[in-house]
Amino acid sequence: MPRSVQPPRVVNIEDLRRAAKRRLPRVVFDYIDGGAEDELTLRANRRAFEAVTFRPRCAVATPACDLRITVLGTPLSMPLILAPIGSSRLMYQRGEEAAARAAGAAGIAYALSTLSGCPLEDVAAASKGPVWYQLYLVGGRDCALSAIERARAAGFSALVVTIDTPVAGMRERDIRNGVKELLSRKLGGMLPFVNQLLTKPRWLVSFLADGGLMKFPNVIIPGQGPMLYADVTTALEQSMVTWHDLRWIREAWSGPIVIKGVHTGDDARRAVDTGADALVVSNHGGRQLDGVAPTLRMLPEVLASVGDRIEVLMDGGIRRGSDIVKALCLGARAVLVGRAYAYGLGAAGGAGVGRAIEILRSDLIRTLKLLGCASVAQLDRSYVDVSAELEKMTNGKMLSGPSA
């Protein structure tokens, strides 16, 4: 009698990645998994964490660990925020709502992309926690102002302005796979993918039941209605964000502003000068300009340039709770994760996102206990060693000091 086959256990984020790969067609999985051009920065984001090792304080009892943190005046249950990911409805039915609901249940914040498939009002209503709205200027200034007003009315607590997308990055996997064709104006755009899609029936049924063709309900073009997916590349090229734009955005939005996509100390100082309340050291997960430095390497320069004048967050390459600890030890106040929860969303919807958050929370607690540290607020440079290679790459700017 054949032995029963047990379902694979989801122990870490890589397990969720494999589960997402099994459920999703290649064209969608690669949209999550891939980066720009040769994917040098994509891989470098992960490798940078390998260059940081721990210095535990042993024989220290830590029966409980306090993960709580305050970001932009809002208490979070842990120093984690779900980053904005466009087109999340590709991954699962009503994907943005599912992710926001899971974040709220976990007591952390969720940032919604302008280029989402769910109306921002529905996403805000789905979450019991803080929600942020990430702003692109696609559709022009009037369109952006309308979205800002809608976000305010819906209860979004912060505005995230992404500055590293003057054009879309050269994401070669997407071009080869034909993401744009899959989400074109016509149903015929799906025909080249028939064989691939039929091998993923659960995803296909969910995708078609959710409307199939992608529009962006938060980008309302006057006289035309919601922007179509096929128009995004051109729209991005025509609507890059400049420092001048941040003046009228600041006037239009009275709440906290987060500038995402900061690479250098100079841009960090400009973010302070524009009145931003926080910034995110980010290279867009390696999806924009390939060959830029990993974010963990950028972090010290940014921190050295702004001190405590602005809250500094970080994203890029985080797959384990120990990665979060390393980022906090080197000065980040909190981190954003994208792929780590997108794999969960693609694998199992909201339950998968919840599992990703649970994995990172458990990792974080275990790492703190092994370090002999009772609270994320106590983490500083003394808990880590930085390899000579990374120290050299950062020009000796790896800093000490508390993370919060």
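Taking region 259-272 as the range and being surrounded by fewer than 18 Cβ atoms within 10 Å (Cβ to Cβ) and closer than 20 Å to V71 by Cα as the test, the residues that pass are R269, V272. Flag not set for G331, criterion: at pLDDT 95 or above, within 14 Å of G35 (Cβ to Cβ) and either touching a strand residue (DSSP E or B) at 6+ places or on another chain (Cβ under 8 Å) or surrounded by 24 or more Cβ atoms within 10 Å (Cβ to Cβ) (or both). Tallying residues that are closer than 20 Å to D33 by Cα and part of a helix (DSSP H, G or I) within region 267-295 yields 4. Within region 51-73, is there a residue that is polar (S, T, N, Q) and more than 30 Å from E121 (Cα to Cα)? Scanning region 51-73, I find at least one residue that is polar (S, T, N, Q) and more than 30 Å from E121 (Cα to Cα), so the answer is yes. Got at least one residue in region 122-143 being surrounded by fewer than 19 Cβ atoms within 10 Å (Cβ to Cβ), of a type in the set (V, I, T) and farther than 22 Å from Y343 by Cα? No, every residue in region 122-143 fails to be surrounded by fewer than 19 Cβ atoms within 10 Å (Cβ to Cβ), of a type in the set (V, I, T) and farther than 22 Å from Y343 by Cα. A search for C-beta distances below 7 Å between a residue of region 76-100 that is closer than 17 Å to V205 by Cα and polar (S, T, N, Q) and any residue that is crowded, with 24+ Cβ neighbours inside 10 Å and modelled with pLDDT of 95 or more, counting only pairs 6+ apart in sequence or on different chains, returns S88/G95; S88/E96; S88/A99; S88/L345. Which members of region 96-142 meet the condition of being among the aliphatic types (A, V, I, L, M) and in a strand (DSSP E or B)? Within region 96-142, A109, A111, L112, V131, L135 meet the criteria.
Any chance region 337-358 includes a residue that's modelled with pLDDT under 95, not hydrophobic (A, V, I, L, M, F, W, C) and not in a helix (DSSP H, G or I)? Give the derivation first.
Within region 337-358, the subset modelled with pLDDT under 95 is none.
Checked region 337-358: no residue is modelled with pLDDT under 95, not hydrophobic (A, V, I, L, M, F, W, C) and not in a helix (DSSP H, G or I).
Only one of the listed residues (G95, G140, G104, G86) is more than 16 Å from the chain's Cα centre (by Cα) and either at pLDDT 95 or above or of a type outside the set (S, T, N, Q) (or both). That residue is G140. Taken over region 199-237, residues that are over 23 Å from E121 (Cβ atoms), free of Cβ contacts under 8 Å to residues at least 12 places away in the same chain and either touching a Pro at 6+ places or on another chain (Cβ under 7 Å) or not aliphatic (A, V, I, L, M) (or both) amount to 2.
Residue by residue through region 143-194, note down the ones that are outside any helix (DSSP H, G or I), closer than 23 Å to E237 by Cα, hydrophobic (A, V, I, L, M, F, W, C) and modelled with pLDDT of 90 or more. Write out each step before concluding.
Filtering region 143-194 for residues outside any helix (DSSP H, G or I) gives 155-171, 178, 183-186.
Next, only the ones that are closer than 23 Å to E237 by Cα stay: 159-171, 178, 183-185.
Keeping just the survivors that are hydrophobic (A, V, I, L, M, F, W, C) gives 159-161, 163, 167-168, 170, 183.
L159, V160, V161, I163, M170, listed by residue number.
Please verify whether region 309-321 includes one or more residues that are within 30 Å of S254 (Cβ to Cβ), charged (D, E, K, R) and surrounded by fewer than 24 Cβ atoms within 10 Å (Cβ to Cβ). Yes. Listed by first and then second residue, the pairs linking a residue in region 256-269 that is closer than 25 Å to I148 by Cβ to a residue that is basic (K, R) and surrounded by fewer than 24 Cβ atoms within 10 Å (Cβ to Cβ), with Cβ atoms under 8 Å apart and 6 or more places separating them unless they lie on different chains, are I257/R250. Can you say whether G317 is in a loop (DSSP other than H, G, I, E, B), in contact with a Pro (Cβ under 7 Å, 6 or more places away or on another chain) and touching a residue at least 40 places away in the same chain (Cβ under 8 Å), as far as the supplied structure shows? Yes, satisfied.
The values are calculated or read from the model by the stated rules, or taken from the named source; none is laboratory data. What you are looking at is a predicted structure, and each value in this text was computed from that prediction instead of being measured. Counting neighbours? That spans all protein chains shown, and the Cβs are built from the backbone with ideal geometry, glycine included.
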